[in-house]
Amino acid sequence: MPFKAVKLYSPAGNADKLLNLTGQPDINSALTVLVQTLIRDSRFNHSVMVLRLYSPEEEYGGIYLFGDFPPEETERVSRLAAHILYTAENSRFIGYRKAEELAVLLADKLIRKYGREKLNSFEFRPVPRGGYIVCALLLYALGRVQASAAGSRPLMLVDDAVFSGHRILQTIESLGLTEKTREVSVAVLAAPEELCTEEAAGRQGFSIIAAEEYEDSGPEIFGRDYPIWKDRWEKKTAEKVLWTGYPEALVFAWSEPESIFINGVSGELEAGFRLYPPERCFRNRFEGNSENQFQIHGDSSFPWNAAPGVVAARLDENRIVVADFTAPHTEDSTDCFLLEGTAADMWDMLLRTDSIRGAAQRLSDLYDVDSDEILLDLENFARSLKKQGLLLNE
């Protein structure tokens, strides 16, 4: 099976969105931070991730993944590319300052719904783990100091957001609660608007009060195919949920909510990918392996460079693979050229030396052969790759 290269993400046309996601001041810093976040995922341990530096003149700058991808992995990588693009375009980051504002708004909604006297009778219980942060903010906004107490008093479960509602149902079940044993309400910073109605409260057996109510994004994303997607999802997931929809892509300063997708090849549910850098999202500091490495490929001050649209990755000491994204019928993925042994070293030396004669001398030292002899081979090699449109000599 030939090695393939896949374009995971390009900032062309949406650079501002990338800067917003990463919190970085320029595109290449933002791409670097995004790569550093992605590479922490152990699913990339057997592939090579490459950052091609971006410039306004170089439309092929972005993040690329090289590997020997079986069908399931190809599907996973395809979903990752779509996930990065969607998150960069649509995610909304809620920092601590915004969370404070939403907690005040949520407190006002609770006071209007229940009145202060009844609110004072509630036991407030946070849903682990983001609920602890929101519960503390909410109690301050309400002027309360008590978070929980034993007894049969009305219970207010507090969380950062409701997406499917699985975590809320899981918490209620773990507490052994029913409508008959105890009155339950749920307070969150954000939830689907469909779960916040009186009709939904009657169906669920409890009210959900949200500082902000968001719309289902599914119709906009899937169009007329949305019912098919919902039906497939409902049949696949075994979790108890309140809502099957496509939630707003919310990310909090303390947590990037987990996402799940169906691998179209294996048919299995898989965990999504974390995209927000650990510096912005506290939970992500403790996820994955921060020691994983990536490669940087970009224009340099040396005269020989990879041509626009050409990206290379070193697989090991003996092999380099080269992908040409300008080739016909190539958009987001392509097969690679494999350079082995001397050919791989020739490519490497050409791109890291200030002259072709200097590259020949370095190869001469490496292989202990005459530099004039290897110079001829190197010139032929460079001429051939330049003719194929893989190398430029400036």
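Among the residues of the range 90-133, the ones that are part of a strand (DSSP E or B), over 16 Å from Asp159 (Cα atoms) and free of Cβ contacts under 8 Å to residues at least 60 places away in the same chain come to 0 in all. Among the residues of the range 36-57, those that are surrounded by 17 or more Cβ atoms within 10 Å (Cβ to Cβ), hydroxyl-bearing (Ser, Thr, Tyr) and either under 21 Å from Arg280 (Cβ atoms) or touching a residue at least 40 places away in the same chain (Cβ under 8 Å) (or both) comprise Thr37, Tyr54. In the condition set (1) crowded, with 16+ Cβ neighbours inside 10 Å; (2) under 30 Å from Ser47 (Cβ atoms); (3) touching a residue at least 60 places away in the same chain (Cβ under 8 Å), Ile168 is compliant with all but (2).
Taking residues in the range 218-230 that are closer than 17 Å to Phe163 by Cα, and partners anywhere that are of a type in the set (Lys, Arg) and in a helix (DSSP H, G or I), the pairs with Cβ atoms closer than 8 Å and at least 6 places apart or on different chains are Gly218/Lys230. For the range 238-254, the criterion of being farther than 16 Å from Ala161 by Cβ, in contact (Cβ under 8 Å) with a residue 12 or more places away in the chain and outside any loop (DSSP other than H, G, I, E, B) is met by none of the residues. Within the range 294-320, restricting attention to residues that are part of a strand (DSSP E or B) and without any contact (Cβ under 8 Å) to a residue 60 or more places away in the chain, the residue that is farthest from Glu340 (Cα to Cα) is Asp316.
Rundown of residues vs (1) in contact with a Ser or Thr (Cβ under 6 Å, 6 or more places away or on another chain); (2) assigned to a strand (DSSP E or B); (3) surrounded by 18 or more Cβ atoms within 10 Å (Cβ to Cβ); (4) of a type in the set (Phe, Trp, Tyr), yes/no style:
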site	(1), (2), (3), (4)
Val322	no, yes, yes, no
Thr330	no, no, no, no
Arg352	no, no, no, no
Arg357	no, no, no, no
Ala360	yes, no, yes, no
Glu373	no, no, no, no
Phe381	no, no, yes, yes
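Counting residues in the range 190-199 that are surrounded by 20 or more Cβ atoms within 10 Å (Cβ to Cβ) and under 21 Å from Tyr96 (Cβ atoms) gives one or more. Looking only at the range 368-394, residues that are at pLDDT below 90 and of a type in the set (Ser, Thr, Tyr) come to 1 in all.
Give the residue that is surrounded by the most Cβ atoms within 10 Å (Cβ to Cβ), with candidates limited to residues of the range 278-320 that are β-branched (Val, Ile, Thr) and touching a Phe, Trp or Tyr at 6+ places or on another chain (Cβ under 7 Å). Quick ask: steps written out before the conclusion?
Restricting attention to the range 278-320, the residues satisfying the condition of being β-branched (Val, Ile, Thr) are 296, 310-311, 320.
So of that shortlist, the ones also touching a Phe, Trp or Tyr at 6+ places or on another chain (Cβ under 7 Å) come out as 311, 320.
Details: Val311: 26, Ile320: 21.
Ranking the candidates gives Val311 first.
Evaluate the range 260-276: report whether one residue or more is among the basic types (Lys, Arg), over 20 Å from Arg43 (Cβ atoms) and touching a residue at least 40 places away in the same chain (Cβ under 8 Å). Full working, then the answer.
Within the range 260-276, the first condition is being among the basic types (Lys, Arg), and the residues that meet it are 274.
Pick out the ones that are also over 20 Å from Arg43 (Cβ atoms) and you get none.
Looking through the range 260-276, none of the residues is among the basic types (Lys, Arg), over 20 Å from Arg43 (Cβ atoms) and touching a residue at least 40 places away in the same chain (Cβ under 8 Å).
Considering (1) over 28 Å from Arg40 (Cα atoms); (2) in contact with a Leu (Cβ under 7 Å, 6 or more places away or on another chain); (3) not acidic (Asp, Glu), the lone condition that Gly298 does not fulfil carries the number (1).
The values are calculated or read from the model by the stated rules, or taken from the named source; none is laboratory data. For clarity, every value in this text was computed on a predicted model and none was experimentally measured. Here Cβ is always computed from backbone atoms with ideal geometry, including for glycine, and neighbour counts include all displayed protein chains.
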